[in-house]
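What follows is one structure encoded as structure tokens, with my remarks underneath.
The values are calculated or read from the model by the stated rules, or taken from the named source; none is laboratory data. What you are looking at is a predicted structure, and each value in this text was computed from that prediction instead of being measured. Positions of Cβ are backbone-derived with ideal geometry, glycine not excepted, and every protein chain shown enters the neighbour counts. Accessible surface is based on the protein model in full, side chains and every heavy atom, while ligands, DNA and RNA are left aside. Shrake-Rupley method; radii C 1.70, N 1.55, O 1.52, S 1.80 Å.
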Amino acid sequence: MAGCAWGLGGNAQAADDVGAAQHKSIRPRICLVLSGGGARGMAHIGVLKVLEELRIPIDCIAGTSMGAVVGGLYASGMSAHDIDLTMRSVDWQEAFRDTPPRRDLAFRRKQDDRNFLVRLPLGLKHGKILLPKGFIQGQKLQETLRQLTLPFSNSTDFDRLPTPFRAVATDLETGGTVLLDKGDLAIAMRASISAPGVFAPVDYQGRLLVDGGLAENLPIDVARSMNADILIVSDVSFPLQDRSQLDSAITISNQMLAILVRKDSDRQKSTLGPQDVLIEPSVGTATQTDFSAAVGIIPQGEAAARDAMPKLRTLSVDESTYGRYLARRAAREPALPPIQFVRVDHDSKRYEKTIMAEMQPLVGKPLNLDEVGARITELYGLGNFETLDYSLVDQAPPKGSGEAASSDDSDETGLEVRARRKSWGPNYVRFGLNLQDDFQGNTRYNAAARFLLSELNTLGAESLTDVQIGSDPRVFSEFYQPLDAERTWFVAPSARIEARDLPIYVNNEEVADYRDREVEADFDVGRNLGNWGEIRAGFHRTNGATRLRLGDPDLVEANYNLGELFLKFSYDQLDNVHFPRSGETFSLQWDADRTDLGSDFVRDRVSGDLLVARSLGRNTLLWWTSAGGTLDGEVKPTALPEFYSLGGFFNLSGLAPMSLIGPNYAISRAIYFRKIGRGGEGFFEFPAYIGASLEVGDVWNRDAPTSLGSTHKDGSLFLAFDTFLGPLYLGGGYDERGTSAFYLFLGRTF
């Protein structure tokens, strides 16, 4: 990157070459080889710590997979101590998830999980279901590596890093070894660690790259090609298991992979000479995916390196020589420049308006990695991208900016953003299942599918359609059109057809049952408030009809019409909508029915809902309160479809669902749950919880207001699982007036 303010000039390079020649004549050139091994590769950090302690200069590094990550970070100028702190501080559970924390999602994407649909959207193209190329797309990991190595992006020559470096990857098409010796350091590390099937492949420099361990897990040959005189080799390859441990398809598959990897590793180790040092940390049966075990794995690397101390000490240098070595490394570390422009690459033009609206405020300011990362996360939270990356680039200043524009030294430094659409998008389908059983013969179920057509224009318009069958058949369709590149303002016309049961209870005994059908058309206008809130206003027009199935035909209007204006404020900062541990969500809505808008009566209603979650360790306490009422206007006793209802799980748990109906209601709950076992710490385990709730609430008419003494007071005990299909509850509820209910419940509760 000639002319880059933070790069190395020719004089500096010449001085380094002279320095390299001088120290070559005094001591041998030492190259560090770091094997692949997934999380087991954390042991390499311990090896590096001992090498620094012994003042052993490392003149070049060759690494594969996790060895490429540790080696690349060290080559970028980080010390072993810095890498240790970084690896211990990274939330690896989050790093290996693509979806940002729920708080970082766009507000519209937060609403996607306020139903009972599974979390994974599948691609839909030409009537075929498409799957992602990997269980993990690697966005979080890429962002972590990018922030740690940002100056070494674009066209970096890896020989000009603070320590010369090589990463090894595998060409997925040919199976051949790919040696990464220049380009983008973060992408090189990310490609080398991309285990097929787990991480999506990296499309880089015209090749589809995956984990280098498949081709060359212990890159000794690569290190020798870097003119090494002595090799220090750290090998954490997974050991072969004995027969007693080969008891499942997974362990047998892992053994097969270990055999294939070790064949080349053993061949490479056979080439080591008496002057070379082989370090094999004893990390036992630590798995390749258990990155949470870094605290225990790093010391194993230190212990193994200390065992090799007699041989390593012969490579130590005096403090003066080691000081000059550190100075040479420091001289190659570039400073972060101010950002003078932002641009997108050619393949990101369809997202240019949205990206520039988000990133343009960075121009003219000192580069702040946290702020850049936050804005990238904000963009990624829109849900359109498979990967979203950036790098430092140079470009000539705009024409007419003066004589300096003709000088290479005046090149401006900025950010180039690369956005890649999801390879299985932009059209998606999600499925879901909802089930409720009270163990008394009353079962309700619904199966649903959501079809989302996104990126319909450059402003990010979407068409969303829900189709539901079962106890409550429903079809809902909405067209969501942002009105500006920042996606601040939007319009959202929609239509809905829905049918549901409307039971009528007296003293918790069903006395009548109706089938209610509604057809609704809406036109909403709204404003997003960052990613934490939204204001909507609009017009709703509803036609309803009821059909008697059991009981008195005069309890409910046979036909009804609603025409209303509405205004709604929503706030959502929950970390998880199924089992929240922190955050809040709040909504407040006003509805105004008017006869000149097509309503049968005039009425004003206000409703609100607030949930607050707080946790300590495995324990979580929720306070959840909801209320709604008719302020003025007509309250027809037969307008039951538009009344509020209580009863059911967490909704006065000792009463039957919808057993209390009225024009006004209020309920407050305190819900406690505790995570039990180790569920959720592996890819396919379900977190489990035990919990209890206390609930106080009631419904009432305007002429018969309720009081605290007359309210229903209920409680529940439950066992719950956070499954792939959504939260599953098994529990029972009790009402102080003597009624009880039991539940098997699958689906959203809060």
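Looking at this model, which pairs from LYS49/LYS263; LYS49/LYS311; LYS110/LYS133 are more than 18 angstrom apart at the alpha-carbon? All intermediate terms of the calculation are to be shown ahead of the outcome.
Values: LYS49/LYS263 29 Å; LYS49/LYS311 16 Å; LYS110/LYS133 24 Å.
From LYS49/LYS263; LYS49/LYS311; LYS110/LYS133, over 18 Å: LYS49/LYS263; LYS110/LYS133.
Compute for the chain: radius of gyration divided by Kirkwood radius, i.e. Rg/Rh, restricted to C-alpha atoms, rounded to two decimals.
My calculation of the ratio gives 1.06.
Students sometimes get this wrong: rank ARG669, ARG224, ARG243, ARG737 by accessible area, probe 1.4 Å, all chains present, largest first.
So, going from the largest accessible area down, we get ARG243, ARG737, ARG224, ARG669.
Whole number please: convex hull volume per residue of the Cα set in region 439-482, in Å³?
In region 439-482, the Cα convex hull volume per residue is 66 Å³.
Hey, if we sort ASP276, ASP600 by accessible area with the 1.4 Å probe, largest down, what's the order?
Order by accessible area, largest first: ASP600, ASP276.
Tell me the mean residue ellipticity at 222 nm calculated for the chain from its helices only (DSSP H runs of n ≥ 4, each -39500 (n - 2.57), averaged over every residue, nearest 500).
The per-residue figure over the chain is -6000 deg cm²/dmol.
So, for region 83-219, what is the accessible surface per residue at a probe of 1.4 Å, expressed in square angstrom?
Per-residue value: 39 Å².
Under a straight-distance cross-link criterion of Cα-Cα below 12 Å, which aspartates and glutamates are reachable from LYS353, leaving out those fewer than 8 residues away in the same chain?
Within the straight-line cut-off, LYS353 pairs with ASP484, GLU486.
For LYS269, go through the aspartates and glutamates and keep the ones whose alpha-carbon is under 16 Å away, minus same-chain ones fewer than eight residues off.
In chain and number order, the partners are GLU216, ASP221, ASP229, ASP235, GLU280.
Could you give the angle, 0 to 90 degrees to the nearest 10, between helix 43-53's Cα long axis and the longest principal axis of the Cα atoms of the chain?
Compared with the principal axis, the helix lies near 40 degrees.
Relative contact order, percent, of the chain when contacts are C-alpha pairs under 8 Å separated by at least 6 residues?
Worked out over the chain, it gives 11 percent.
How much accessible area per residue does region 600-750 have, counting only protein heavy atoms and a probe of 1.4 Å, in square angstrom?
So region 600-750 comes to 44 Å² accessible per residue, rounded to a whole number.
I'd like the orientation of helix 139-149 relative to the chain: the angle between its Cα long axis and the longest Cα principal axis, in ° from 0 to 90, rounded to 10.
Long axis of 139-149 versus the principal axis of the chain: about 40 degrees.
Among the aspartates and glutamates, which fall within straight-line cross-link reach of LYS365, defined as a Cα-Cα distance under 18 Å, with same-chain neighbours fewer than 8 residues apart omitted?
ASP394, ASP411, GLU412, GLU416
Per Stokes-Einstein, at 20 °C and 1.002 mPa s, what whole-number D in µm² s⁻¹ belongs to region 518-594, with the Kirkwood radius over Cα pairs as the hydrodynamic radius?
140 µm²/s
Which order do ARG444, ARG702 take by accessible area at a 1.4 Å probe, largest first?
ARG702, ARG444
Using a 1.4 Å probe on the protein chains only, how many percent of the accessible area of the chain belongs to carbon and sulfur?
C and S atoms contribute 57 percent here.
Going by average Cβ density within 10 Å per residue, which order do the peptides 448-456, 351-359 take, highest to lowest?
Result, highest mean Cβ count within 10 Å first: 351-359, 448-456.
Can you give me the angle between helix 294-307 and the longest principal axis of the chain, using Cα atoms only, in degrees from 0 to 90, rounded to the nearest 10?
20 degrees
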